[in-house]
Amino acid sequence: MNVSLAERILLTHLHERCPEAAAAGLGVDDSLLAGGVLSSLQVLELLLEVEKLVGRPLEPADLDPAVFSSLGHLCRHFFTAAVS
């Protein structure tokens, strides 16, 4: 899966499951953690959606908070050709 497709899928997922994110106009370059737009449960749901899309469980090393600075950064981390 390429990065732009992953961004579209995950952004749609966030907007459908998190009305606050949709209302705030959360985009791929906006912070996922700042401002409290996502609840802890919504962050976990996002992680599960990422696992589904990458086809493997996420490892603890994957959960570096810097990876979650934005949806775009998250997608570049998990959906580049270098990631197996």
Fraction of accessible area attributable to carbon and sulfur, segment 8-49 (%, probe 1.4 Å): 58
Surface accessible to a 1.4 Å probe, per residue, for the residues of the chain, Å²: 57
Residue-count net charge about V3 - beta-carbon cut-off 14 Å; Lys, Arg +1, Asp, Glu -1: 0
Cβ-defined net charge surrounding F78, 15 Å radius [Lys, Arg +1; Asp, Glu -1]: -2
Within-15-Å neighbourhood charge of E45 [Cβ basis; K, R +1; D, E -1]: -2
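Please sort 66-74, 30-38 by packing, taking for each peptide the average over its residues of neighbouring beta carbons within 10 angstrom, highest first. Mind showing how you got there, number by number?
Details: 66-74: 18.0, 30-38: 14.9.
Answer by packing, highest mean first, reads 66-74, 30-38.
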Solvent accessible area, Å² - E20, 1.4 Å probe, full protein context: 100
Helix-only mean residue ellipticity at 222 nm for the chain, each DSSP H run of n ≥ 4 adding -39500 (n - 2.57), per residue, nearest 500: -15500 deg cm²/dmol
The chain: Rg to Rh, with Rh as the Kirkwood radius over Cα pairs: 0.93
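The values are calculated or read from the model by the stated rules, or taken from the named source; none is laboratory data. Source: prediction; values computed, not measured. When we count neighbours, we look across all protein chains shown, and the Cβ atoms used for this are built from the backbone with ideal geometry, even at glycine. When the accessible area is computed, the model is the full protein with side chains, heavy atoms only, and any ligands, DNA or RNA have been set aside. Shrake-Rupley method; radii C 1.70, N 1.55, O 1.52, S 1.80 Å.
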